[in-house]
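Read the structure below first, then the notes.
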Amino acid sequence: MTQNESARDFSGFSDALKKQVEGTDEEIRKKIASGEACILPGQLNTPLFEPLPTFDKTECEEVYPSQKDLWGRHRIVFGRDRSERSHGSGYGGIGATTAGSIDIVVGSGGSKPLQKDIVGPNFITDAARVLISQRTDIDKNFALPFGQSTGLKASVNRSAVGIKADSIRIVGREDVRIYTKKRTPTNPKIVNSDTVVEYNSRGQKIESDGPDRGIHLIAHEKTGTIKVLNPVIPGREGAPSLYTLNRLQPMVKGDNLVILLKEIMAQMGEIITWVQNFTNSQMKFNNYLSTHTHEVVGAAPGVAIPSIPVAISYVQELIDQVNNHVALGDKKKFDFSNVNQVFLSPTGQINILSRYNKTN
């Protein structure tokens, strides 16, 4: 570890204590500069006297480690649901049963803790936390967006696990899977989903089928709706000039989308072929009319007209092309109503949008 002064901040002490601690640091640095073998307090993970607030423990809580003066740096609190310093907060505060919790915290008071402060759980300023609660309001506790304007339903009076830190990493050497609506079999030997029964932590039916349930990836807490101008076809009849869009939108299911795109491309290819065939026949007809002539008996010298039989044959070719295209079009008609129902409807068998998983 380099001796970086910016890594050591004692401003949370009183002025007198801060001066004393910084003076000790300065003396040790001088010894190190002169070649003496010594280290600053805290280096090499030796004990460090630093500004730490005092944790306000409730009667029912057991706190580890045993040294109370370390609780402002790190602690594991075994108790009942509590959302702030007030002993009356959370479901533990109102005396609810089945409200056990384990609160793992590092760094009370944030980056500049004050030695004189008395603190409790603070879901805003505590540096990092893993909360496991049997009964809590997890979205409210962590000040997360929810409500009708966001399209997100709050978790209220439910068991929950909350994780908060500057950065969070989940690493799976093989894979990472996130499930909702996980069920526990009544018979461990039977894994058919139709034979399992499970309820939520309150003994109620699991609510995971609604449009506001599932897995939501929300960056920067961007929720609600936005209004955007139609950027593509504002002039088309019936097309809105302004769209009101949800920021949180269903994820696209790639395999289903590929099927749709292949169908569209196949239809486009057939249409292009039809148009090209018709164009080629029309060009042959036009070319023949413009270049082929024959003398007409009784006409003035030099006067000629196109060969009627040949011209008729080209006209017949064009008629056949049109008839074939119409027949094929009826047979292979691209049914847009069917596309809407199968690919674009929320209830479609191969809808390209996920019903449950959303992101912004």
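The values are calculated or read from the model by the stated rules, or taken from the named source; none is laboratory data. Everything quoted here is computed from the prediction, not taken from an experiment. Heads up, the Cβs are rebuilt from the backbone with ideal geometry, glycines too, and the neighbour counts pull from every protein chain shown.
Some notes on this structure:
- Check on ASN122, closer than 30 Å to LYS18 by Cβ, surrounded by 15 or more Cβ atoms within 10 Å (Cβ to Cβ) and not small (Gly, Ala, Ser): yes
- THR150 vs. criteria closer than 24 Å to ARG247 by Cα and either touching a His at 6+ places or on another chain (Cβ under 8 Å) or not in a helix (DSSP H, G or I) (or both): yes
- Qualifying residue in region 28-47 (condition: closer than 21 Å to LYS116 by Cα and either loosely packed, with under 12 Cβ neighbours inside 10 Å or more than 42 Å from the chain's Cα centre (by Cα) (or both)): yes
- Matching residues, region 73-112, being under 29 Å from the mean Cα position of the chain (by Cα) and more than 30 Å from GLY42 (Cβ to Cβ): ASP81, ARG82, SER83, GLU84, GLY90, SER101
One line per residue, one yes/no per condition, for (1) modelled with pLDDT of 95 or more; (2) in a strand (DSSP E or B):
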residue: THR97; (1), (2): yes, no
residue: ASP103; (1), (2): yes, yes
residue: GLY109; (1), (2): no, no
residue: PRO113; (1), (2): no, no
residue: PRO121; (1), (2): yes, no
residue: ILE124; (1), (2): no, no
residue: VAL130; (1), (2): yes, yes
residue: ASP139; (1), (2): no, no
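- Annotation: of all residues in region 212-243 being of a type in the set (D, E, K, R) and surrounded by 10 or more Cβ atoms within 10 Å (Cβ to Cβ), the one that is modelled with the highest pLDDT is LYS222.
- Residue within region 130-151 that is on the phi > 0 side of the Ramachandran plot, without any contact (Cβ under 8 Å) to a residue 60 or more places away in the chain and not assigned by TED's automatic domain parsing to the domain that holds LEU17 present: yes
- Between ARG75, ARG82, ARG135, the distinction of being surrounded by 19 or more Cβ atoms within 10 Å (Cβ to Cβ), more than 17 Å from LYS57 (Cβ to Cβ) and at pLDDT 95 or above belongs to ARG135 only.
- When region 57-68 is filtered for residues that are assigned to a loop (DSSP other than H, G, I, E, B) and surrounded by 15 or more Cβ atoms within 10 Å (Cβ to Cβ), the ones remaining, listed by number, are LYS57, THR58, GLU61.
- Every residue from region 242-278 that is among the β-branched types (Val, Ile, Thr) and in contact with a Ser or Thr (Cβ under 9 Å, 6 or more places away or on another chain): THR244, VAL252
- Pair list, Cβ under 8 Å, 6 or more apart: region 266-282 residue more than 21 Å from VAL339 (Cβ to Cβ), other residue of a type in the set (Asp, Glu) and surrounded by 11 or more Cβ atoms within 10 Å (Cβ to Cβ): SER281/GLU317
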